[in-house]
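Asker: Just dropping this structure here.
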Amino acid sequence: MKRSLLLIALLFVFGMAQSQYYYNAPPVTPAGNPGNINWDNEDPYKNQAGWSSIQPASHPAWSSSQSIPFTFTFNGSTVTSFKASTTGLVTFTANPSTPAANHNTIPNASVPNNTICVWGLGYSGSSSNDEIIKKVFGTAPNRQLWISWSSYNNQSLGSKCWTYWSVVLEETSNRVYIVDQRNSTKSSCSFGLTLGLQYSSTSATMVNGSPNIHPKAGTSKTPYDNKYYEFIPGTRPQYDIAVDYIQTNKYQTSNTQVEIRGIIKTYGSVTVTSYDINYSIDNGPTQIEHITGANLPVYSDEWYFHDSIWFPTVGTYNLKVWASNINGQTDQNIYNDTMYKTIEVMGVFVPRIGVHETFTSANSNDCKGVHDSLASVFALHPGSYTYINYTMPTDIYTTTDGQARAIMYSVDTVPDMFLNGTVNIDPHYYTENLYNDNLSPAYLNITPTVTMSGNTITVNAAILPFPAWVNPSNPMKIHIAVVEKTTTGNVGTNGETKFYNVLRKMLPNANGTPQASFTPGLYVNISKSYTFAANEVENISNLQAIVFVQNNVTNEIYQSAFISVPNAINQGEQNHDGITNLYPNPANDYSQLEYYTENAVEVGLSVYDANGRLVMEKANIKVGAGKHQTAIDTRNYAQGIYFVKLNINNKLYYSKLIVD
């Protein structure tokens, strides 16, 4: 059993002997929101739906008394209402004195009894976006009341340093969460806060590092890069282990090996040396693996790889994973033991080539290192992603097309990134886990080609919808982006000297080409050209064309593909991996598949019918570099449409085959 220790973080709690809560610190990797039942964007209040404002009229000041919509116990007593301050406090004391403007360590005589502290937030005034807002999420008996400081600032650094934080009260568990949601340019806004719970002027639970806790969340308005501190009633148990993550992809191909894997994390005070990792499918038989030789003190984690392999057939399944039997003892905290994931198993589909659209500026210190952060993830998935970098108006390589994309996505700060048009995240916080969580099937296959004639680029694309394709209710557009893979002439003030996949032109422009619908099994072909002016690009042979299909309303990108200019120029001869021909087609007795490989590799060939059933498979075919051909015997195939899948270096290529 291979395992790697990812994180050991020892944290200390002030006043634990007297307190009624202990806390778990935020993870280093993106954690989302507690329970993941709040997926609202972190926008100024005027852009928020379903939230209500409780903003007081002055600063420092308390809001009016607000009711708690469910039974909640704090520090052993039931509380029914709260007040929130412009300085970052939530108190259950009925008549608190004016909140102190300057934050400090707790316990502190200037903080009321029974108060939750995100102490150190500041209010810019009624003309700003600053609001204290509230909203209830979930259903009884597991609701959450969110009390949020929206677009606030820091007392010590002023209004330029906007920030978003929330206090969350959770029904039934009586847990308290402090959520770090969104922050402005952290390089110049590295302010400090006091986080914790104060029960009295002599008793508190304070997060280690207060009063200088620095924000950890990024600039994204979505929860993907949020961090949260979890305050749990009682004292820390000796034995507490949690399934923290299920990495197993939620989309699988039928009759393939599926490994159940992910991350477990310890929260108990006793070092874990052994445990069980368990899983079941649709509440069926439990698969148990006993792990020994572990060394996991509090807050450490490691990967689990279950030895029992699952071979699913087509269908939708509920995967349940849980940990137990810690050092031979019962887990003392049942709330975090188990994690669930829905797994969809399908026949024929192609992996979606994820489109990563970043918005950056060479004149922003916060954009420095964006490519390095992304490259560490991209390196694990060669050939399986597309990347477009839009530079913003302060940069000399900015384009009207890139600015139009920023307006479409409502980008209001850099750096920013959209994955497949719908997942918004600060690119600095992009991880392998997020990459895997957003893998999804596609029912479109895009085959691009590109030619250059002088400074004129022509991009062609053949788009093939698979039988399972269902047209969306909204119209679509086909977009073609031409990027320069490396540039050095757009150096700004942030110290970077090289920039990657910088957008040069969208063909014909940012509006794309309208596409109302696709018909399964029928190709749609598109061809667009553009002539670059002299000096419009640094190196005309260093371009890449990216083709993608996007929903006009939801912005979801259904599929993408890319091709580089040098790989397409060889007097009409293909010199990159892929299928070059399939003939005769329609076929009667056989069809000849021709393909090209750049290097000596092992390839896999399979054929599926229109319902996704595998009808032929050849694995581990060893070939050298160059052209190859193989015959597909169709004598026993029924009349109809088939799909030929060729696997070269873990990249998939498809072609339609008709048998008559």
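Asker: Identify, from the list I557, I563, I546, the residue that is within 15 Å of Y385 (Cβ to Cβ), modelled with pLDDT under 95 and not basic (K, R).
Answerer: So the residue among I557, I563, I546 that is within 15 Å of Y385 (Cβ to Cβ), modelled with pLDDT under 95 and not basic (K, R) is I563.
Asker: Which ones in the stretch 451-468 are in contact with a Pro (Cβ under 8 Å, 6 or more places away or on another chain) and buried (at least 20 other Cβ atoms within 10 Å of the Cβ)?
Answerer: V459, A461, P465, F466, listed by residue number.
Asker: For the stretch 613-627, what are the residues that are within 34 Å of the chain's Cα centre (by Cα), in a strand (DSSP E or B) and in contact (Cβ under 8 Å) with a residue 40 or more places away in the chain?
Answerer: The answer is L614, and nothing else.
Asker: Would you check which residues across the stretch 446-492 are among the β-branched types (V, I, T) and part of a loop (DSSP other than H, G, I, E, B) and list them? Outline the logic, then answer.
Answerer: To start, the set of residues in the stretch 446-492 that are among the β-branched types (V, I, T) comprises 446-447, 449-451, 456-459, 463, 470, 478, 480, 482-483, 486-488, 491.
Answer for the stretch 446-492, where residues must be among the β-branched types (V, I, T) and part of a loop (DSSP other than H, G, I, E, B): V470, T488, V491.
Asker: If you don't mind, another one. Kindly check whether there is at least one residue in the stretch 256-264 that is closer than 21 Å to T330 by Cα and not in a strand (DSSP E or B). Steps first, please.
Answerer: Our first condition is that a residue be closer than 21 Å to T330 by Cα; within the stretch 256-264, this holds for 263-264.
Still in the list and also not in a strand (DSSP E or B): none.
No: the stretch 256-264 contains no residue that is closer than 21 Å to T330 by Cα and not in a strand (DSSP E or B).
Asker: Another one. Could you tell me whether G293 is surrounded by fewer than 20 Cβ atoms within 10 Å (Cβ to Cβ), among the small types (G, A, S), assigned by TED's automatic domain parsing to the domain that holds K320 and at pLDDT 90 or above?
Answerer: Yes; evaluated as a whole, the condition is true for this residue.
Asker: How many residues does the stretch 266-293 contain that are touching a residue at least 12 places away in the same chain (Cβ under 8 Å), closer than 22 Å to T313 by Cα and in a loop (DSSP other than H, G, I, E, B)?
Answerer: Here is the first cut: in the stretch 266-293, the residues touching a residue at least 12 places away in the same chain (Cβ under 8 Å) are 266-283, 287-293.
In the following step, the residues that additionally are closer than 22 Å to T313 by Cα were identified as 278-283, 287-288.
Narrowing the set further to residues that are in a loop (DSSP other than H, G, I, E, B) leaves 282-283.
Count: 2.
Asker: Out of (1) assigned by TED's automatic domain parsing to the domain that holds Y245; (2) within 22 Å of Y430 (Cα to Cα); (3) among the polar types (S, T, N, Q), what's the single condition that is false for T342?
Answerer: The single condition T342 does not satisfy is (2).
Asker: More than 37 Å from the chain's Cα centre (by Cα) and either among the basic types (K, R) or in a loop (DSSP other than H, G, I, E, B) (or both): is that true of A631 in this structure?
Answerer: Numbers: more than 37 Å from the chain's Cα centre (by Cα): yes; either among the basic types (K, R) or in a loop (DSSP other than H, G, I, E, B) (or both): no.
No; evaluated as a whole, the condition is false for this residue.
Asker: Among the residues of the stretch 351-367, how many are touching a strand residue (DSSP E or B) at 6+ places or on another chain (Cβ under 9 Å) and surrounded by fewer than 20 Cβ atoms within 10 Å (Cβ to Cβ)?
Answerer: Selection size over the stretch 351-367: 1.
Asker: Can you name the residue in the stretch 585-612 that is loosely packed, with under 14 Cβ neighbours inside 10 Å and not in a strand (DSSP E or B) and, of all such residues, is nearest to the chain's Cα centre (by Cα)?
Answerer: This residue is N611.
Asker: Okay, next question. Between residues in the stretch 31-43 that are within 17 Å of M339 (Cα to Cα) and assigned by TED's automatic domain parsing to the domain that holds Y228 and residues that are surrounded by 17 or more Cβ atoms within 10 Å (Cβ to Cβ) and acidic (D, E), which pairs lie under 8 Å by C-beta distance while being six or more apart or on different chains?
Answerer: Final answer for the pair search is P34/E170; P34/E230; G35/E170.
Asker: List, please: which pairs have Cβ atoms under 9 Å, are six or more places apart or on different chains, and start with a residue in the stretch 57-84 that is under 18 Å from A140 (Cβ atoms) and end with one that is among the basic types (K, R) and surrounded by 13 or more Cβ atoms within 10 Å (Cβ to Cβ)?
Answerer: Listed by first residue and then by second, the contacts come to P69/R143; F70/R143.
Asker: Is it fair to say Y239 is touching a residue at least 12 places away in the same chain (Cβ under 8 Å) and assigned to a strand (DSSP E or B)? Lay out the reasoning, then the answer.
Answerer: Numbers: touching a residue at least 12 places away in the same chain (Cβ under 8 Å): yes; assigned to a strand (DSSP E or B): no.
So Y239 fails the test.
The values are calculated or read from the model by the stated rules, or taken from the named source; none is laboratory data. Just so it is clear, the model here is predicted, and its values are computed rather than measured. Don't worry about glycine lacking a Cβ; one is built from the backbone with ideal geometry, like all the others, and counts go over all protein chains shown.
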